[in-house]
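Derivation of every value follows stated rules applied to the coordinates shown; laboratory data play no part. Bear in mind the structure is a predicted one, so any value in this text is a computation, not a measurement.
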Amino acid sequence: MADKLSAEERAALRAELERLRQEHRDLDSAIEALADVSASDQLQIQRLKKRKLVLRDKIGRIEDQLTPDIIA
């Protein structure tokens, strides 16, 4: 699939990939900060972790689009 993308599409995917990776890192920081608070909201932490998993899936899909298929 990667060989079928135009240069503009590849650039857009790379930009989106970087944005998602940054959001993923930001969620890591937020989760860590909430976990450090003794009266932390476990429900909020769970929501953030779920959002992180969704981002990880999106990142994986974009990486797959950018990686050329290897024919075995």
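With angles folded into 0 to 90 degrees, how steeply does helix 7-36 sit against the dominant principal axis of the chain? Use alpha carbons for both and round to 10.
Between the helix axis and the principal axis of the chain, the angle is about 10 degrees.
Treating region 2-66 as a set of equal point scatterers at the Cα positions, no solvent, please give the Debye-formula log₁₀ I(q)/I(0) at q = 0.17, 0.26 Å⁻¹.
-0.63, -1.02
For Ala12 and Leu53 in one chain, what is 0.36 nm times their gap in residues minus the Cα-Cα distance, to one decimal in nm?
Contour length minus the Cα-Cα distance gives 12.6 nm.
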